[in-house]
Each structure stands twice: as structure tokens, then as C-alpha cells.
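Worksheet for the structure shown next.
Each reported figure results from applying straightforward, stated rules to the coordinates on display, with no laboratory input. This is a predicted model, so every value here is computed, not measured. With ideal geometry, Cβ positions are generated from the backbone for all residues, glycine too; neighbour counts draw on all protein chains shown.
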Amino acid sequence: MTPPVSPPDATALSAARRARDLVALRERRDPVDLVVIGGGITGVGIALDAASRGLETVLLEAHDLAWGTSRWSSKLAHGGLRYLASGDMGIARRSAVERGILLSRTAPHLTRPLAQVVPVHRGTRPAHAVLPG
């Protein structure tokens with residue numbers, strides 16, 4: 001069996017690693033480029049984007065990654081279809097444009113479109129046929 005490149009505790013998220021990292025951050029003399037507070041889907045996404053652009057980034061989270069709201073569906077990358085139900089074409093369009101930017105430029109390595117099937121039954125109103133949920 002090949003030995004691990006580094007000890008598991010050095011790379012795994014754990015209480016011991018968190019304590020070491022906080023001490024190292026406290027003793028640090030050089031400033032970091034960005035401190036992100038909150039390890040939910042938005043905070044982690046911002047930290048990942050900043051780090052991938054070469055910024056020295058620190059992510060602070062009180063509990064654990066995705067511990068709070070983010071452990072449930074965030075609907076972060078929906079395409080804006082739900083706004084069509086209320087007739088808000090402007091926000092539906094902006095949402096679809098932003099989704100396209102996310103898929104093609106911001107994070108094509110992390111995202112992909114998912115096909116969906118919406119059953120249409122006799123008597124289904126058109127809004128329900130287009131806007132599931």
C-alpha cells in the first residue's frame with residue numbers, strides 16, 4: 001500500500017486542524033487578500049472563486065461547512081423559470097442570463113445543466129406544466 005502524501009490530519013477538516021489553522025492565522029504577520037465570513041454555499045463559492053483567481057483567502061465558519069441554511073436546497077443556480085409564474089419577465093431574463101454566465105464562464109468546471117422532465121396531465125394548467133414546484 002502506498003503511504004499517503006501527507007498525514008490525514010493535515011488535510012482533513014477536523015477540530016485539531018481548525019485549532020492549528022486559527023493559531024497560524026492569529027500569528028501571521030502578512031495580511032491576506034480576502035476574509036470570507038460564513039461557510040455556506042455563497043461564502044464557499046466566493047472563497048473558491050477568489051482562491052482560484054490567486055487571492056490569498058481565509059474562510060471563517062462558526063460551525064461546519066454548509067452547516068446552516070446551505071445544507072438544504074439553496075436554489076442558487078435556478079434558471080429563473082419560477083418568476084414567469086408571476087409574469088416578472090425582467091427578473092426571469094436576468095436570472096437566466098446570470099445562470100448562463102455561471103455555466104459558461106464563472107464555474108463551468110463546477111456546474112452543468114440538468115435536463116428535467118415535467119409530466120403534463122390532462123387538466124394541468126399551463127403554469128403548472130412549465131413551473132414545477
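The table below gives the values:
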item: For Leu59, distant residues with modelled amide H under 5 Å away; result: Val36
item: Three-way shape label, segment 19-68, alpha-carbon gyration tensor, a/c 1.5; result: oblate
item: Interchain or long-range residues, amide H under 5 Å from Gly40's placed H; result: Ala66
item: Computed E for Arg26/Asp49 - FRET, C-beta separation, R0 30 angstrom, nearest 0.05; result: 0.70
item: Whole-Hz ³J(HN,Hα) from phi, Karplus 6.51 cos²θ - 1.76 cosθ + 1.60, for segment 14-31, glycine and proline x; result: 8, 5, 5, 5, 4, 4, 4, 5, 5, 5, 4, 5, 5, 7, 5, 9, 7, x
item: In order through segment 37-44: 3J(HN,Hα) via Karplus (6.51 cos²θ - 1.76 cosθ + 1.60), integer Hz, x for Gly, Pro; result: 9, x, x, x, 4, 6, x, 5
item: Most to least packed among 35-42, 14-21, 80-87 [average Cβ atoms within 10 Å]; result: 35-42, 80-87, 14-21
